[in-house]
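Undergrad: Quick one: structure below, then a few questions.
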Amino acid sequence: MTPADRGAGLRLVNLSELDPAWQWLKPAFESRIPDWHHVSTQSMRCVLPVARAHEARLRAALEARRLLRARSGPRVLVSHGPRPAEYWGLLASGTRLDFHDVSSFNFTDMPTGATRFAMSRAFRHVDRFVVSSSWEREFYADWFSIPVERMVFQHWGVRPPDVAGRDDPPLVAGDYVCAIGSQARDYATLVEAVRGSSTRLVIVASPHSMQGIAPAPNVEVRTNIPLDDAMNILKHSRAMVLPMNSATARCGHVTAVSAMHLGVPIISTDCRGLDDYLVDGRTARLVPQGDPAALAGAIAALLADAGRRDELARAGRAFAQAHCMESNVVEGFRRALEQRGLAA
């Protein structure tokens, strides 16, 4: 059997916690892998309201197992994120797979104790973990006792936000800087940096990420808004600030890449998890973590220099177009299948 034959004959199951209508890379592979299924925890019918998330993950893993055991040909499982991979490993690791790929392997807060032990056991039979920064490879390998060669770094790759190709009017009138996202953010430092200044700041985040932060008259907070609205606010801002709560935070890739695609200059915490994207003076302006004075100075300097903003915006967009497109993810997955003789 040739690799092409195996690719055409394999069954692929996506296991995720995302919208059931989201199909990951299916359109790019549909002609070569027609037997493609998506199993989402969101589509599981649960009877235990108190433990709904746990039950949904169990049911989704069992449904993925059913689909994969229903045929005898080559079988591939793509788990999206650590939790689906964990539940698969704990419930269905005895199911024979030709390839188990974990996409978007990432943690905001690292598991400890019994959870860490359970995950380490569940991850033993995964063939490839895709991480969004090179630093995460050794960090996760060490934390979960996984061979580091199974950890594969790939830049976060997506299509440019839909608003990039539209001429929508701005949802926020006037000049402002923005901050988008909720994971591992340090909004206390950011609000302190602009407090009492003439800088207008719009934050799009979860209510939880703003808890305990005293309001400021020049700071507007929007929560639970549609993604398109968040991207509109990002697109029309003069700059985006990405304040992280640690110099080793492993988040922010989605927001940084979105800003780059939209040509919005970035001011960010100097953070190891973003080293592969943000280089001071080239694709972003970086400041030390937790330093409101340094952050205030960087914001003021960038807002006063239109030429510098344009330089950072152009460099960021060029970087995203070269390294952070959905086509890069398609090619990476195609190569991974090909290396295992599963697709041409």
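Coordinate-derived values only; no laboratory data. This is a predicted model, so every value here is computed, not measured. Glycine also receives a Cβ, built like all others from the backbone with ideal geometry; neighbour counts cover every protein chain displayed.
Undergrad: By per-residue mean of other Cβ atoms within 10 Å, what is the highest-first order of 198-204, 237-243?
TA: Numbers: 198-204: 19.4, 237-243: 24.4.
With the highest mean Cβ count within 10 Å placed first, the list reads 237-243, 198-204.
Undergrad: So, R0 is 41 Å and r is the distance between the beta-carbons of Arg71 and Gln211; what FRET efficiency does that work out to, to 0.05? Please list the in-between numbers first.
TA: On the way: r = 49 Å, r/R0 = 1.19.
E between Arg71 and Gln211, to the nearest 0.05, is 0.25.
Undergrad: Same structure again: Quick one: check the C-alpha center-to-center distance for region 120-190 versus region 247-305, whole angstrom.
TA: 14 Å
Undergrad: Over what distance in Å are the Cα centres of region 18-62 and region 311-344 separated?
TA: A separation of 24 Å, based on Cα centres.
Undergrad: Here's something else I'd like to know. Could you calculate the contour length gain from Asp175 to Val148, that is, 0.36 nm times the residue separation minus the distance between their Cα atoms, to one decimal place in nm?
TA: Details: separation 27, 0.36 × 27 = 9.72 nm, distance 4.58 nm.
So the chain would gain 5.1 nm between Asp175 and Val148.
Undergrad: Can you give the extra length, in nm with one decimal, that the chain gains between Glu138 and Arg340 once fully stretched, where that is 0.36 nm per residue apart less the Cα-Cα distance? Working shown, then result.
TA: On the way: separation 202, 0.36 × 202 = 72.72 nm, distance 2.36 nm.
Additional length available on full extension: 70.4 nm.
Undergrad: How far apart, in nm, are two points set 7 Å out from the Cα along the Cα-to-Cβ line at Arg45 and at His125?
TA: 2.9 nm
Undergrad: Okay, next question. Test of understanding: ordering Met151, Met260 by Cβ neighbours within 10 Å, fewest first, what list do you get? Could the numbers behind the result be given before it?
TA: Values: Met151 21, Met260 28.
Listed from fewest to most nearby Cβ atoms, that is Met151, Met260.
Undergrad: If you don't mind, there's one more thing I want to ask. Going by a ≥ b ≥ c, the root eigenvalues of the Cα gyration tensor, does region 162-323 fall in the rounded group (a/c under 1.5), the prolate group (a/b larger than b/c) or the oblate group? List each step's numbers first, then the result.
TA: Numbers: a/c = 1.28, a/b = 1.09, b/c = 1.17.
Rounded.
Undergrad: Quickly work out the Asp168-to-Arg52 label distance, labels modelled 7 Å from Cα along the C-beta direction, and quote it in nm with one decimal.
TA: In this crude spin-label approximation the distance works out to 2.7 nm.
Undergrad: Beta carbons within 10 angstrom, averaged per residue: use that to sort the peptides 323-331, 218-226, highest first.
TA: In descending order of packing, they fall as 323-331, 218-226.
Undergrad: Now for a separate question. Rounded if a/c is under 1.5, else prolate if a/b beats b/c, else oblate: with a ≥ b ≥ c from the C-alpha gyration tensor eigenvalues square-rooted, which is region 23-70? Present the calculation step by step, with values, prior to reporting the outcome.
TA: Values: a/c = 4.43, a/b = 2.20, b/c = 2.02.
Here region 23-70 falls in the prolate category.
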